1. In sequence order, what are the phi-derived ³J(HN,Hα) couplings for the range 141-149 according to the Karplus relation 6.51 cos²θ - 1.76 cosθ + 1.60 with θ = phi - 60°, rounded to whole Hz, with x for glycine and proline?
2. Test of understanding: extend the Cα→C-beta vector of L88 to 7 Å, then name every residue of the range 155-190 with backbone N under 15 Å from that spot.
3. Go through the range 113-125 residue by residue and turn each phi into a ³J(HN,Hα) via Karplus (6.51, -1.76, 1.60, θ = phi - 60°); whole Hz please, and just put x for glycine and proline.
4. I need the per residue convex hull volume for the range 77-194, using only the alpha carbons, in cubic angstrom as a whole number.
5. Provide the FRET efficiency to the nearest 0.05 for the C141-L42 pair, computing r from the beta carbons and using R0 = 30 Å.
6. Using a cut-off of 12 Å between beta-carbons, work out the net charge of the residues near T161 (Lys and Arg +1, Asp and Glu -1, T161 not included).
7. Calculate one ³J(HN,Hα) per residue across the range 79-86 by plugging θ = phi - 60° into the Karplus curve 6.51 cos²θ - 1.76 cosθ + 1.60, and present them in order as whole Hz with x for glycine and proline.
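Read the figures in this text as sums done on the coordinates, not as results from a lab. Here the structure is a predicted model, which means the values were calculated and not measured. Methodologically, a virtual Cβ is constructed for each residue, glycine included, from the backbone with ideal geometry; neighbour enumeration extends over all protein chains shown.
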Amino acid sequence: MHALANPRCLARLWLRCGRTKRSGGLSQVETYAFSSMWFWALLILMWTLITSRVMGLPYYYWKLGKNADADIQARMMDATLLQAQVTLSYSEIRYPRLTMGAISFVIALWGFSGFLYDHELLQATFLLFVPLLSVVPLRLCLARNLDGAEVTYEIYYGLITRYRRLCMMVAAFTIFLSTFWGMIYNLAHANILT
């Protein structure tokens, strides 16, 4: 009897051929992230959206608002102050130590699982979502500053510009780090570096 006619041999052959070093045994689900265009598009799109909108308003509204009427500036400041107050109300956690401990545990488990066991999808999602946590304290600081600041357009514009610059620095660092790690990962797993 021929080996391809035997269903058991065919199944073993299929399983053996389906496993590659990068897929981790998941031959049905493609988990290549660093070589996928969708990962890089999502990374750039996510950081573009985070840096372009500040407290609910696009940043270019603030640039255009410098030459606008006082009524438009007042509406923008009211909307931003309302968004800052909503952000501050959401930041009040009932059990902060327990929440921070649980979040830290999940992040540590995620990072160790991805980098220690060389799992590409976990590494990519870690580099995609964990740097977003660095924006949360910046946003809370901005909300506190806006809530306690004097209500003038120049002060609001200065605080928002500083926040946006910090977010852009975090975004640039994250994109650089993800690109560097993705390049190293792809080179190492294509057997070029080994």
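1. Per-residue couplings from phi come out as 5, 4, 5, 5, 5, 5, 5, x, 7 Hz.
2. Counting backbone N atoms under 15 Å from the label point, the list is 156.
3. 3J(HN,Hα) across the range 113-125, in whole Hz: 5, x, 8, 6, 9, 6, 9, 5, 5, 5, 5, 5, 5.
4. Per-residue hull volume (Cα only) is 105 Å³.
5. The pair C141/L42 has a calculated efficiency of 0.65.
6. On the way: positive: K63, K66, R162, R164, R165; negative: E154.
In short, +4.
7. Karplus-based 3J(HN,Hα) across the range 79-86 equals 5, 5, 5, 4, 5, 5, 5, 5 Hz.
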